[in-house]
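Data block below; observations after.
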Amino acid sequence: MITEVLSRLPAWLRRNRGLAGLVALLEKHKSQLAILGIFLVLWLIGIVVNPGAFLGRYTYISLMSVIPITLTLALGFTLVVISKELDLSFPSVMGLSGWIFALLLPHSSIPAFFGAISTGLLAGILNGLIVTKVGVPSLVATLGMLFAWRGVIMVGTQGWGTSLTPYKETVIYDLLVGRIGELVPMQMLWGLLAVMALWLFLNRHKFGGYIYFVGDNPLSAKMMGINVDRVKIMAFALIGGMAALAGMI
């Protein structure tokens, strides 16, 4: 495909290495570019049909407030799926971590933040241990933990919610759900940080390579010296930690 494109260019353009590299880059990411193109077409159709909604800033502020929560969960789930496992417990882990956050917040915001993250990580590690060490299929194990953690929340809270309204003017509020310049929600910043972290893990860190190897062929990965169980446990731990972050937000 790249050769065909370059052959149709003028001679002086074909000798331009930078242009050839650009064409190669476009060819490499053609699927992503196609999806982006479809999105732009649908967006333009929306602008034409309802310009008031699709050109209003509050629409995008609302989207930037809500989408990062789902995005963070999806990113963590991606790591588990690449390793050829499933985690269905993250909604309850999200609620459990949020509850721990609400319990600790009256004492101090820093212990509340790290307590919630630790709760998510430990819940993920427990899932990983059940799957790798006990041998229970991840679908069954995490589905069971979904109901188990939900039961813990219901028993612990007795069905009552905890209001966080008194903390609206605090630093932790501004850090998690505040606004940058009264326009960009902090949730969007957390979502972008999660995207960057996942990209670094998968493309610039050996852990990302290990996940791909384990997902492709666990036996070959083990023969290459990769600790397959540890990689899977870490993947479960990461989705637990990201579910905790989403729960706090």
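The values are calculated or read from the model by the stated rules, or taken from the named source; none is laboratory data. From a predicted model like this one, the values you see are computed outputs, not experimental measurements. Here the Cβ positions follow ideal geometry from the backbone for every residue, glycine too, while neighbour counts run over all protein chains shown. SASA here: full protein model, heavy atoms, side chains in, ligands and nucleic acids out. Shrake-Rupley method; radii C 1.70, N 1.55, O 1.52, S 1.80 Å.
Ignoring the sites themselves, what is the longest stretch of the chain with no trypsin sites (Lys or Arg not before Pro) in a DSSP loop and at most 11 other beta-carbon atoms within 10 Å? In the chain, the maximal stretch lacking such sites is 16-167. For region 53-143, dividing the convex hull volume of the Cα atoms by the residue count gives 126 Å³ per residue.
With N the number of residues in the chain, Rg(Cα) / (2.2 N^0.38 Å) evaluates to 1.25. The ILE153 and VAL177 beta-carbon pair, evaluated with R₀ = 22 Å, returns a calculated FRET efficiency of approximately 0.55.
Length, then width, then depth: along the principal axes, the Cα atoms of region 75-207 run 47, 43, 21 Å. How big is the gap, in Å, between the Cα center of region 19-79 and the Cα center of region 80-115? Each part's Cα centre sits 28 Å from the other's. If only the Cβ of Lys and Arg carry +1 and only the Cβ of Asp and Glu carry -1, the dipole of the chain around its Cα centre is close to 760 debye.
Scaling the Cα radius of gyration of region 134-249 by the globular reference 2.2 N^0.38 Å produces a ratio of 1.41.
Summed over qualifying helices (DSSP H, 4 residues or more, each -39500 (n - 2.57)) and divided by its residue number, the chain shows a 222 nm mean residue ellipticity of -25000 deg cm²/dmol.
Surface exposure of region 154-231, expressed per residue as accessible area with a 1.4 Å probe, stands at 70 Å². Here the calculated FRET efficiency for THR165 and SER118, from their Cβ-Cβ distance with R0 = 41 Å, stands at 0.95, rounded to the nearest 0.05. A cut-off under 12 angstrom between Cβ atoms defines the neighbours of VAL80, and their net charge, with Lys, Arg +1 and Asp, Glu -1, is 0. Placing pseudo-labels 7 Å out from each Cα toward the beta carbon at ILE82 and ILE125 gives an inter-label distance of 2.2 nm. Electrostatic bookkeeping for LEU96 treats Lys and Arg as +1 and Asp and Glu as -1; over the other residues with beta carbon under 15 Å from its beta carbon, the sum is 0. The chymotrypsin sites (Phe, Trp or Tyr not before Pro) of region 109-174 meeting both criteria, a DSSP state outside H, G, I, E and B (loop) and at most 14 other C-beta atoms within 10 angstrom of the site's C-beta, are TRP160. Atom-type composition of the exposed protein surface of region 30-147 places 80 percent of the accessible area on carbon and sulfur (1.4 angstrom probe).
Pairs from the list LYS30/LYS84; LYS30/LYS232; LYS206/LYS232 with a Cα-Cα gap above 23 Å: LYS30/LYS84; LYS30/LYS232. Computed on the chain, with alpha-carbon pairs under 8 angstrom and 6+ residues apart, the relative contact order is 33 percent.
Centre-to-centre separation between the Cα atoms of region 217-244 and those of region 130-172: 22 Å.
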